[in-house]
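These notes are about the structure you will find just below.
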Amino acid sequence: MKQITGDFDIKIARNYADLINKCSSGEINFEERSGAEGVVIFCGDHAIKHPYPGDSKIFNGRLNGLINEFNIGKGLEDIGVNVPKMHGVYVRDDEMPFLIMGRLNITDFEKLSRKERQEAIKQYAEQRVIAESAGYAPGDVNYETNCGFGRKQNKLFFYDFTDWRKN
Ligand SMILES: Nc1ncnc2c1ncn2[C@@H]1O[C@H](COP(=O)(O)OP(=O)(O)O)[C@@H](O)[C@H]1O
Ligand SMILES: [Mg+2]
């Protein structure tokens, strides 16, 4: 395994590199979310994002995507936008890349009360202005997609920066 970026504990990262196999094979079942391009595994405080197992040729493009996601997330955190903590990007020996981030405790928009929805929409607009004013071009995001509301913190969080760009 190779560390590409980030300052996360390398031993824990190695464990997550193995964990991905066990989850993909069904040997263990950590709560998972699968999307169009990959999978997010939840383990303790962390969310681990990786492409589907397969052809190493596609992994290189995915690696660049995860590095972009890491950098955008770090940059957004720096300007005060609520995002997962970006811990690190790694490449396994089979060339599969993965991203380790902090796990958000968020609720999807459709499950919120009326009042919470109003708050989420308000914060969504405010956070988006902060990001755009700093030169970010948000990707696939609206208050029902790629963001969620942290009830405990009363805060809206953005995630999934695959399609975000910085000017
Ligand atoms: N840091 C995180 N904390 C908690 N849940 C997350 C985190 N990142 C992603 N998720 C969950 O995993 C799902 C897929 O992640 P996402 O980054 O949107 O990937 P995709 O590129 O497949 O859309 C999301 O809808 C969300 O529910
Ligand atoms: Mg998404």
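Is it the case, given these coordinates, that G102 is free of Cβ contacts under 8 Å to residues at least 60 places away in the same chain and within 16 Å of ligand 2 (Cβ to nearest atom)? Lay out the reasoning, then the answer.
Values: free of Cβ contacts under 8 Å to residues at least 60 places away in the same chain: yes; within 16 Å of ligand 2 (Cβ to nearest atom): no.
It is false that G102 is free of Cβ contacts under 8 Å to residues at least 60 places away in the same chain and within 16 Å of ligand 2 (Cβ to nearest atom).
Name the residues in the range 13-36 that are modelled with pLDDT of 95 or more and surrounded by 15 or more Cβ atoms within 10 Å (Cβ to Cβ), would you?
A13, Y16, A17, L19, I20, listed by residue number.
Considering only the range 136-162, state which residues are more than 10 Å from ligand 2 (Cβ to nearest atom) and either at pLDDT below 95 or part of a loop (DSSP other than H, G, I, E, B) (or both).
P138, N142, Y143, E144, R151, K152, Q153, N154
How many residues does the range 134-166 contain that are among the hydroxyl-bearing types (S, T, Y), surrounded by 14 or more Cβ atoms within 10 Å (Cβ to Cβ) and either farther than 22 Å from N64 by Cβ or within 13 Å of ligand 1 (Cβ to nearest atom) (or both)? Lay out the reasoning, then the answer.
Filtering the range 134-166 for residues among the hydroxyl-bearing types (S, T, Y) gives 136, 143, 145, 159, 162.
Still in the running and surrounded by 14 or more Cβ atoms within 10 Å (Cβ to Cβ): 136, 143, 159, 162.
From what is left, the residues that are either farther than 22 Å from N64 by Cβ or within 13 Å of ligand 1 (Cβ to nearest atom) (or both) are 143, 159, 162.
Result for the range 134-166: 3.
Take the range 38-63 and flag every residue that is away from ligand 2 (no atom under 16 Å from the Cβ) and either more than 14 Å from Y90 (Cβ to Cβ) or touching a helix residue (DSSP H, G or I) at 6+ places or on another chain (Cβ under 7 Å) (or both).
Answer for the range 38-63, where residues must be away from ligand 2 (no atom under 16 Å from the Cβ) and either more than 14 Å from Y90 (Cβ to Cβ) or touching a helix residue (DSSP H, G or I) at 6+ places or on another chain (Cβ under 7 Å) (or both): C43, G44, D45, P53, G54, D55, S56, K57, I58, N60, G61.
Taking the range 39-50 only, how many residues are buried (at least 20 other Cβ atoms within 10 Å of the Cβ) and either outside the structural domain of D93 (by TED's automatic domain parsing) or not aliphatic (A, V, I, L, M) (or both)?
Of the residues in that region, 2 qualify.
Are any of the residues in the range 73-89 within 30 Å of I121 (Cβ to Cβ), within 16 Å of ligand 2 (Cβ to nearest atom) and either assigned to a helix (DSSP H, G or I) or over 16 Å from the mean Cα position of the chain (by Cα) (or both)?
Checked against the condition, which is being within 30 Å of I121 (Cβ to Cβ), within 16 Å of ligand 2 (Cβ to nearest atom) and either assigned to a helix (DSSP H, G or I) or over 16 Å from the mean Cα position of the chain (by Cα) (or both), the range 73-89 yields at least one hit.
Just to check your reading of the model, which residue among N82, N60 is in the same structural domain as R14 (by TED's automatic domain parsing) and in contact (Cβ under 8 Å) with a residue 60 or more places away in the chain? It would help to see each step written out before you state the result.
Details: N60 fails: in contact (Cβ under 8 Å) with a residue 60 or more places away in the chain.
The unique qualifying residue is N82.
Report yes if A131 is modelled with pLDDT of 95 or more, more than 15 Å from ligand 2 (Cβ to nearest atom), surrounded by 14 or more Cβ atoms within 10 Å (Cβ to Cβ) and aliphatic (A, V, I, L, M), otherwise no. Steps first, answer last, please.
Details: modelled with pLDDT of 95 or more: yes; more than 15 Å from ligand 2 (Cβ to nearest atom): yes; surrounded by 14 or more Cβ atoms within 10 Å (Cβ to Cβ): yes; aliphatic (A, V, I, L, M): yes.
The answer is yes for A131.
The values are calculated or read from the model by the stated rules, or taken from the named source; none is laboratory data. Because the structure is predicted, anything quoted here is derived from the model rather than measured. As a convention, Cβ positions derive from the backbone with ideal geometry for all residues, glycine included, and neighbour counts pool all protein chains shown.
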